[in-house]
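Reviewing the structure listed below.
The values are calculated or read from the model by the stated rules, or taken from the named source; none is laboratory data. The structure presented is a predicted model; accordingly, all values stated were derived computationally and were not measured. For neighbour counting, all protein chains shown are included, and Cβ atoms are generated from backbone atoms with ideal geometry for every residue, glycine included.
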Amino acid sequence: MVKRLSILTLLVMFLVLSAGISAAQDPLVYTVAMTEAHTKLVSQSPYVSPTPSCNASLALDAKGPLAKFVVGVSAGHKSGSYIPRHNLYAYKITDPSAKGPKKTVLIQTGNHNTETTGSWSFQGMVDFLLSSDPRAGWLRRHGEYYVYPLVNPDGRFTARGRGNPEMLEKGILSGSGKSDHNRVWNRQGQGLSTIDALTAAMQKDTGKKVDYYFDFHDGSEIKIPFYNTVPDLMDSPFSQAMIALDVEITPHASNGDPGMGRIWGMTKEGLNSKFACTPESAPKHPGVDVNMCVSWGRYYGIALYNTLINELDAFVYSPAITEEHTQIVARNPYVTPTPSCKAALALNPKGPLAKFVVGVSAGHKSDPYIPRHNLYAYKITDPSVRGAKKTVLIQTGNHNDEPTGSWAFQGMVDFLLSSDPKAVWLRRHIEFYIYPLVNPDGRYTRKGRGNPEMLEKGILPEGGSCDHNRVWDRQGEGLSTIDALVIAMQKDTGKKVDLFFDYHCCGGYFYTVPALMDCPYCRAMIELDVGIPPKASDGHHGMGRIWSMTEDGLNAKYAFTPELNGDTVIHCLNVGRNYAIGIYKTLNAPVRKKEPALITTH
Ligand SMILES: [Zn+2]
Ligand SMILES: [Zn+2]
């Protein structure tokens, strides 16, 4: 831990120092020396190791502190403008303690000599992968990242043009006769020092089986960042994930030149990459600076996380994922513990989320073994806005095999914390009380609808089925989750809830009682026309949604059970977002004539 913190501190210092040193000339400069300095820093991380091709090239007898990360040496240039020979570096990022199949991701930069904002974005992606962000931890457990931090160092040394003198002298040029290092990746074996060494290294390191390939560039006139990819990949999961992130970066279709890294990478002779793109950073973006370029790279890491978790864990949403997501949102300035969290401090909870604990589940000693789980709660609101606010309660995780509901829940929470103007408005006018996993012992088993504690204590609905969403009216009978959560929800909301949501699977609608089918929220959702209409059901008296509307429950005025279908995580996240937009449409609607205020303030 100490070691990791010091590396993070050094990374920050490096960022500040390198930005400061260079400010006198071009604040966005990224030299060969800066690549070496950054590689030195990351090489101290326990998640960074040499690649197989580094070990193979030890015969080169490379010198310096980065000797074990060398995969080749550039030609340099003797006469005319002098260029020293440069080491070509490679390293691997992964969590070595996580075994099992991992995705293969290749990241490179530095084809073109003046494209320094591309190098800053490259650094942003690498720093994200090595960060303490829980998503980065997940990416390190589920991926191997082969990193080539500067593929044309001789060119970068000159800080001009797109090739290098060796290419001109050996006549290894683009189809139109230009010296361009990103038009010759298919020219392996012709004697160009960088291409020969790097293509051999990349093929050896990845076994020619690459899942995702990124080659960071920029363009001198670009105002908005984007990435080029082939037309067939415009609708790929990664592109969908990037669009769903809702940042400026969008895919752009381009067939490219056969000698481009991204095109060569997708060929059989290259790396058989399933996905390849060239991020293009934007040196002419209004307000561009190092931090902005770094954040663009970070977005590639986050979009990759959203893509891979979709590929690998689409229909899993474990208690560990709930904890990871809660840790991410806990850093947000609009997120605070609820009053009941403070009351639960007597439980002496442990871990990074201790202050968000409202109770602890029973767990189960054996057959099956289930660890005890913390029960979490948090509040989302804009604390700078005082005065009367509406109260919205959001929960999920009653049922054990309903991950789509949890993903939609996450989509709603992520939207509420976003910079979208509708989210800003919602935070100013509403206090959201969030209970991200109400039956963690059941979710841990991934099967059924209840948990062993319910069976052992006989806390079952009439008929005897073990169902955690039929016992919300059984507070005080000794069920660990219901007892703790009901008390927490009542204390947090003062038993005055305006809107109640309990996310489930499956369907393509949300349940509400017949009397509410024409309520403002249902009308807003029908008007939104996003394929999630209301559906009437009186339900069961022990359901969260029915209990919440009783005086003994939360006096909720409106209560809904979203029932999610979903083929992809991204689809579920978007559905959750639409449920939040529905709240905005309901509460921020223009006042209609002869209609009372939609919901009275208390
Ligand atoms: Zn370029
Ligand atoms: Zn359910």
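List of remarks:
- Criterion violated by Asp232 - all others in (1) more than 24 Å from Gly155 (Cβ to Cβ); (2) touching a residue at least 40 places away in the same chain (Cβ under 8 Å) satisfied: (2)
- Evaluating Ala362 against the criteria (1) closer than 28 Å to Asp492 by Cβ; (2) hydrophobic (A, V, I, L, M, F, W, C); (3) in a helix (DSSP H, G or I) leaves one unmet condition, (3).
- Those strands (runs of 3 or more DSSP E) lying entirely in segment 476-558 with at least 3 residues in contact with a Gly (Cβ under 7 Å, 6 or more places away or on another chain): 499-505
- Cβ pairs under 8 Å, 6+ apart, first in segment 387-398 and without any contact (Cβ under 8 Å) to a residue 60 or more places away in the chain, second within 16 Å of ligand 1 (Cβ to nearest atom) and among the hydrophobic types (A, V, I, L, M, F, W, C): none
- Test: Met167 is over 38 Å from the mean Cα position of the chain (by Cα) and crowded, with 20+ Cβ neighbours inside 10 Å: yes
- Subset of segment 11-47 [at pLDDT 75 or above and not in a loop (DSSP other than H, G, I, E, B)]: Val32, Ala33, Met34, Thr35, Glu36, Ala37, His38, Thr39, Lys40, Leu41, Val42
- When segment 420-471 is filtered for residues that are free of Cβ contacts under 8 Å to residues at least 24 places away in the same chain and within 19 Å of Gly576 (Cβ to Cβ), only Pro421 remains.
- Highlighted here are the helices (runs of 4 or more DSSP H) found entirely within segment 188-267 that include at least 1 residues which are within 16 Å of ligand 1 (Cβ to nearest atom) and under 25 Å from the mean Cα position of the chain (by Cα): 261-265.
- Residue in segment 71-83 that is within 27 Å of Thr307 (Cβ to Cβ) and of a type outside the set (Ser, Thr, Tyr) present: no
- Strands (runs of 3 or more DSSP E) within segment 53-153 that include 2 or more residues modelled with pLDDT under 95, within 28 Å of Ile321 (Cβ to Cβ) and away from ligand 2 (no atom under 16 Å from the Cβ): none
- Listed by first and then second residue, the pairs with beta-carbon distance under 9 Å, at least 6 apart or on different chains, first residue in segment 115-128 and of a type in the set (D, E, K, R), second more than 16 Å from ligand 1 (Cβ to nearest atom), are Asp127/Leu8; Asp127/Leu11; Asp127/Leu15; Asp127/His38; Asp127/Val42; Asp127/Val294; Asp127/Arg298; Asp127/Gly301.
- First in segment 249-272 and more than 9 Å from Asn228 (Cβ to Cβ) and not assigned by TED's automatic domain parsing to the domain that holds Asp196, second anywhere and of a type in the set (Ser, Thr, Tyr) and assigned to a helix (DSSP H, G or I), Cβ under 8 Å, 6 or more apart: none
- Filtering segment 427-453 to residues that are farther than 25 Å from Thr493 by Cβ and not in a loop (DSSP other than H, G, I, E, B) leaves Tyr444, Thr445, Arg449, Pro452, Glu453.
- Boolean, Lys379 is in contact with a Pro (Cβ under 8 Å, 6 or more places away or on another chain) and surrounded by 11 or more Cβ atoms within 10 Å (Cβ to Cβ): yes
- Any pair with Cβ under 6 angstrom, 6 or more apart, that starts in segment 137-150 at a residue that is more than 14 Å from Asp205 (Cα to Cα) and ends at one that is of a type in the set (Phe, Trp, Tyr) and outside any loop (DSSP other than H, G, I, E, B): Leu139/Tyr305; Pro149/Tyr89
- Restricting attention to segment 249-266, the residues that are surrounded by 20 or more Cβ atoms within 10 Å (Cβ to Cβ) and not aromatic (Phe, Trp, Tyr) total 9.
- Residue that is surrounded by the most Cβ atoms within 10 Å (Cβ to Cβ) [pool: residues in segment 446-468 that are in contact with a strand residue (DSSP E or B) (Cβ under 7 Å, 6 or more places away or on another chain) and within 30 Å of Phe415 (Cβ to Cβ)]: His468
Residues checked against (1) buried (at least 24 other Cβ atoms within 10 Å of the Cβ); (2) assigned to a loop (DSSP other than H, G, I, E, B); (3) in contact with a Cys (Cβ under 9 Å, 6 or more places away or on another chain):
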{"position": "Leu375", "(1), (2), (3)": "yes, no, no"}
{"position": "Pro383", "(1), (2), (3)": "no, yes, no"}
{"position": "Ala388", "(1), (2), (3)": "no, yes, no"}
{"position": "Val392", "(1), (2), (3)": "yes, no, no"}
{"position": "Trp407", "(1), (2), (3)": "yes, no, yes"}
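- Checking Gly64 against (1) over 17 Å from Phe157 (Cβ atoms); (2) surrounded by fewer than 15 Cβ atoms within 10 Å (Cβ to Cβ); (3) not hydroxyl-bearing (Ser, Thr, Tyr), the condition it does not meet: (1)
- Residue in segment 308-315 that is more than 16 Å from ligand 2 (Cβ to nearest atom), part of a helix (DSSP H, G or I) and modelled with pLDDT of 95 or more present: no
- Residues that are acidic (Asp, Glu) and surrounded by 24 or more Cβ atoms within 10 Å (Cβ to Cβ), drawn from segment 527-586: none
- Filter pass, Thr481 being modelled with pLDDT of 95 or more and within 23 Å of Pro440 (Cα to Cα): yes
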